[in-house]
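Notes for the one structure printed next.
The values are calculated or read from the model by the stated rules, or taken from the named source; none is laboratory data. In this text the structure is predicted, and so the values were computed from the model without any measurement. A quick note on method: Cβ atoms are made from the backbone with ideal geometry, for glycine too, and the neighbour counts reach across all protein chains shown. Ligands, DNA and RNA are excluded from the accessible area calculation, which covers all protein heavy atoms including side chains. Shrake-Rupley method; radii C 1.70, N 1.55, O 1.52, S 1.80 Å.
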Amino acid sequence: MSIGDGVTAGGAERGAAALEATTGAQLRRIRLDRGLSLTEVAHRAEVTKGFLSQLERGLTSVSVPTLLRVCEVLRIGVGELFAYPEEHVVDGGSRIDMGGEGVAEYLLTPADTTAFQVFRSVIEPGGGTGGPYRLDTATIFAMGLSGTTRLIVGGETRMLPAGASTSFSGQTLHQFDNPGATVSEVLWVLSPPLLRAARGPAQVPPSKPGPARRGHP
């Protein structure tokens, strides 16, 4: 279950499910626009066809590393999936899906902010990214807002209680989770913002026989 906009746990779960369905629908639309089959994309993203089908229908969650692999195959930046705030004074932020389990994230900067990008992550106990990943951004600044979040950067563990901050290259493998018993929150500043589109057209070669793919990243 992920944290959402609702006051109750049930409201949170419904909000997360709706968001997953929206993200999955976007991935399906982009895949069809590219003229790619489920089999082709699943093979390149190293997941099963069944898992990708469930993801597109909003029936399963996805780790951050796997979502980024799917985006790479579709030749889009993960920023393409975001709903960007339009107002100059952003109240609460726009809910976005960057993957992970038990994580609710909010984009606080509009699309026309080109020098940096700000997110807020709300992480349930035990929630996190589901594995390490890299981002197409030069610098990431992170500051703990509440609780304690565990951030692992290049194999180094950095604990972020409220008020603590750190920075690192987005190209360094990193991941985060909440090892505590209460919800934690982190403010992220990325400079420059995440790409909304990858360079070049989608090119997926014919699928070849290979080892079994992961079904539940």
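For the range 12-112, the list of GluC sites (Glu not before Pro) that fall in a loop by DSSP and count at most 11 other C-beta atoms within 10 angstrom reads Glu86, Glu87.
For the range 102-112, putting each phi into the Karplus relation 6.51 cos²θ - 1.76 cosθ + 1.60 with θ = phi - 60° gives couplings of x, 10, 10, 10, 10, 8, 9, 10, x, 5, 7 Hz, in residue order, rounded to whole numbers and with x for Gly and Pro. Here Thr157 and Asp136 are evaluated by their C-beta separation; at R0 = 22 Å the FRET efficiency comes out at 0.35. Coupling constants for the range 27-34 follow from the phi torsions by the Karplus curve (6.51 cos²θ - 1.76 cosθ + 1.60, θ = phi - 60°), and in residue order they are 4, 5, 4, 5, 4, 5, 4, 7 Hz; glycine and proline get x.
Fully extending the segment from Val183 to Ser169 would add 2.4 nm, taking 0.36 nm per residue of separation and subtracting the current Cα-Cα distance.
Could you provide, to the nearest whole Å², the per residue accessible area of the range 55-188 with probe 1.4 Å? Write out the running numbers ahead of the final one.
Values: 5500 Å² over 134 residues.
Accessible surface, normalised per residue, equals 41 Å².
The Cα trace of the range 73-151 gives Rg and Dmax of 13.2, 36 Å, the first to one decimal, the second as a whole number.
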